[in-house]
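The values are calculated or read from the model by the stated rules, or taken from the named source; none is laboratory data. Owing to the predicted nature of the structure, the values given are computational and were not obtained by experimental measurement. Virtual Cβ from ideal backbone geometry, glycine too; neighbours counted across all protein chains shown.
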Amino acid sequence: MKKLILIGLVISAISGVVYASSQAHNYSGANRFVENLNLDATRAVQVDKILSSYMQIKDLAMSGQYEQIPVFLENKEAELAAVLSEDEMQQFKENIGQWAKGKDFSKYQKFAGKYFEHKD
């Protein structure tokens with residue numbers, strides 16, 4: 001259960017970074033997660049499109065569709081795994097972990113708790 005909360009928090013944070021970077025028409029926020037993967041142009045565009053779609057998590061949460069968030073996350077991880085090699089996917093996850101180390105996710109705990117309250 002704690003692992004799911006942590007994954008949800010990390011993905012929520014990614015969604016915020018992607019949203020903020022897309023609002024500024026500068027995708028450097030999301031690029032930090034893939035910059036050392038050496039993706040060709042086609043795969044870079046595919047990954048960027050997938051990462052940009054994480055903004056939908058906020059819409060799901062705002063509309064009370066909390067049960068759809070884990071399904072959404074699983075689908076997006078599968079989409080990323082289809083584009084990235086196993087080694088690239090591992091590096092991508094490590095990049096997210098490095099980024100998340102000093103972050104304060106306490107404001108997302110209320111959201112995560114709200115979702116898990118509905119599940120119990």
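Identify the residue in region 91-106 that is exposed (fewer than 11 other Cβ atoms within 10 Å of the Cβ) and in a helix (DSSP H, G or I) and, among all such residues, is modelled with the highest pLDDT. So the residue we want is G97.
Give the residues of region 28-50 that are at pLDDT 85 or above and assigned to a helix (DSSP H, G or I), sorted by residue number. So that I can check it myself, show each step before the final result.
Taking region 28-50 first, the residues at pLDDT 85 or above are 37, 39-50.
Across region 28-50, the qualifying residues are L37, A41, T42, R43, A44, V45, Q46, V47, D48, K49, I50.
Restricting region 58-74 to residues that are out of contact with any Leu (no Cβ under 9 Å at 6 or more places or on another chain) and hydrophobic (A, V, I, L, M, F, W, C), the residue that is surrounded by the fewest Cβ atoms within 10 Å (Cβ to Cβ) is M62. Scanning region 52-90 for residues that are modelled with pLDDT under 90 and either under 15 Å from L39 (Cα atoms) or aromatic (F, W, Y) (or both) returns Y54, Y66. Taking region 74-105 as the range and being touching a residue at least 60 places away in the same chain (Cβ under 8 Å) and over 14 Å from the mean Cα position of the chain (by Cα) as the test, only K103 passes.
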